[in-house]
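This report concerns only the one structure given below.
The values are calculated or read from the model by the stated rules, or taken from the named source; none is laboratory data. Just so it is clear, the structure is predicted and the values come from calculations on it, not from any experiment. Cβ: placed from backbone, ideal geometry, glycine included. Neighbour counts: every protein chain shown.
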Amino acid sequence: MTNSLRPHGHQRAPLPPAQAQTPAQGVPSPRPPQTTGPPQAGTTPAGPAARPAKQRDAFFDNAKYLAIVFVAMGHAWEPLTDHSRAAEALYMVVYTFHMPAFILISGYFSRSFDMRADRLRRLITGIAVPYVLFEVAYSFFKKWADDDPSHPISLLDPWYLTWFLVALFVWRMTVPLWKVVRWPVPLALAIAVLASVSPDIGDDLDLQRVLQFLPFFVVGLFMKPEHFQLMRRREVRILSVPIIAVALVLAYWAGPRMTSAWFYHRDSAQELGTPWWAGVVMTLALFGCSMVLTACFFSWVPRRKMWFTVLGAGTLYGYLLHGFLAKGSRFWGWFDEYTWLHQPLGEIFVSLFAATVVTVLCTPPVQRAFRFAMEPKMEWAFKRDATELARERAKSS
């Protein structure tokens, strides 16, 4: 790659230095590419001149963990929104920024993707294979838990949470294209607008979501460390408080007046029963609101290492695994059977329970138990290229 395509974080000290982030599997970002190469002349990999081990950046791990907690709580709040206007307002506000935050970070850590053989292998083992395994697992789970033997197993029609893996695969494959176009963000936004007024796109690979969420990925792709540093300024944190308060008030007002399906970005305007021009207006309006609330979210993410920082590396585990409980609670009628869950104390309990469950699912023991599905090595499936063999020979010499 040329220097113009390299991330610039390695040249700057401010938070967050992009090159300080080691490869990590998890939502929202797949394993970032790790730059490797032959040892420099006169040094050995184990010698004193060896490159120091890269450290994970606490800011991004904290952001990923907090975002996955909001995802889990949002899924838990969904059955409560029919009976609680306050729960619906919280639901709408959280859905405005939690997936955009994930996707933006995904784009940020995809900047160096360049179709190199080792990066393509990681794309397959870290995204494509988990998609296949969990799409099949979710389909069998629905057949059993929902007593729906007719539910099809189709890799072309992602069910529930697996759409994000499809989208991430497609977005990363298009990274080289976004680097050569003149106005990438306006172009991505135009594509999202066109998708929102195109009902004929259909459900294959959940392309509506892939295209409508695309602008957030492209924004992240062209962000620099100083942009995150800007969002961490004290005045931004202070300003974010009244902004969130206003957003909650507006969501409380809008709850009975609009459908929350707009926040899913999975349907066109016509499919939601509105005129086509509403898709244009809502796509642009929600993009603006999502960027503002995402900036507010980032402004309050801790920079230092916290007790939950280590869980940021396991957010893909929490994301995919909590879906079984989230859907199972509907299939088994928990929210209908235990009516106290719809009371204020019940809503608090549901929120804390969802946060606890997803936290446990992000822990290292769970990662070790499910690594075979999330991060399979699959060395048997790939040819070893000449560059990799040369590196191994250099290390052993």
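Here is a list: T339, T315. Which entry is under 30 Å from V241 (Cα atoms) and among the hydroxyl-bearing types (S, T, Y)?
The unique qualifying residue is T315.
Would the range 206-213 turn up any residue that is assigned to a helix (DSSP H, G or I), under 21 Å from the mean Cα position of the chain (by Cα), surrounded by fewer than 20 Cβ atoms within 10 Å (Cβ to Cβ) and not basic (K, R)?
Yes, the range 206-213 contains at least one residue that is assigned to a helix (DSSP H, G or I), under 21 Å from the mean Cα position of the chain (by Cα), surrounded by fewer than 20 Cβ atoms within 10 Å (Cβ to Cβ) and not basic (K, R).
Of the residues that sit in the range 74-105 and are of a type in the set (G, A, S) and surrounded by fewer than 24 Cβ atoms within 10 Å (Cβ to Cβ), which one is modelled with the lowest pLDDT?
Out of the qualifying residues, it is S84.
Determine, yes or no, whether Q270 is closer than 30 Å to D82 by Cα, modelled with pLDDT of 95 or more and of a type outside the set (A, V, I, L, M, F, W, C).
no
Looking at the range 335-347 only, could you name the residues that are at pLDDT 90 or above and either over 16 Å from E88 (Cβ atoms) or among the hydroxyl-bearing types (S, T, Y) (or both)?
Across the range 335-347, the qualifying residue is only L345.
Out of everything in the range 248-305 that is assigned to a loop (DSSP other than H, G, I, E, B) and of a type in the set (K, R), what residue ends up being surrounded by the fewest Cβ atoms within 10 Å (Cβ to Cβ)? First the steps, then the outcome.
First, the residues of the range 248-305 that are assigned to a loop (DSSP other than H, G, I, E, B): 258-259, 265-269, 273-275, 300-305.
Pick out the ones that are also of a type in the set (K, R) and you get 266, 303-305.
Working: R266: 18, R303: 14, R304: 8, K305: 14.
Only one residue tops the list, namely R304.
Please specify each residue of the range 59-96 satisfying the condition of being over 21 Å from W253 (Cα atoms) and of a type in the set (G, A, S).
The answer is A63, A67, A72, A76.
Right, S240: under 22 Å from P158 (Cα atoms) and of a type in the set (S, T, Y) or not?
no
Taking the range 224-237, which residues are surrounded by fewer than 22 Cβ atoms within 10 Å (Cβ to Cβ), hydrophobic (A, V, I, L, M, F, W, C) and within 16 Å of A63 (Cα to Cα)?
Result: L230, M231.
Do we find a residue being crowded, with 17+ Cβ neighbours inside 10 Å, under 17 Å from the mean Cα position of the chain (by Cα), hydroxyl-bearing (S, T, Y) and under 25 Å from F216 (Cβ atoms) anywhere in the range 153-166?
Scanning the range 153-166, I find at least one residue that is crowded, with 17+ Cβ neighbours inside 10 Å, under 17 Å from the mean Cα position of the chain (by Cα), hydroxyl-bearing (S, T, Y) and under 25 Å from F216 (Cβ atoms), so the answer is yes.
Out of the residues in the range 338-397 meeting the condition of being over 17 Å from R121 (Cβ atoms), surrounded by fewer than 17 Cβ atoms within 10 Å (Cβ to Cβ) and of a type in the set (S, T, N, Q), tell me which one is nearest to the chain's Cα centre (by Cα).
Selected residue: T363.
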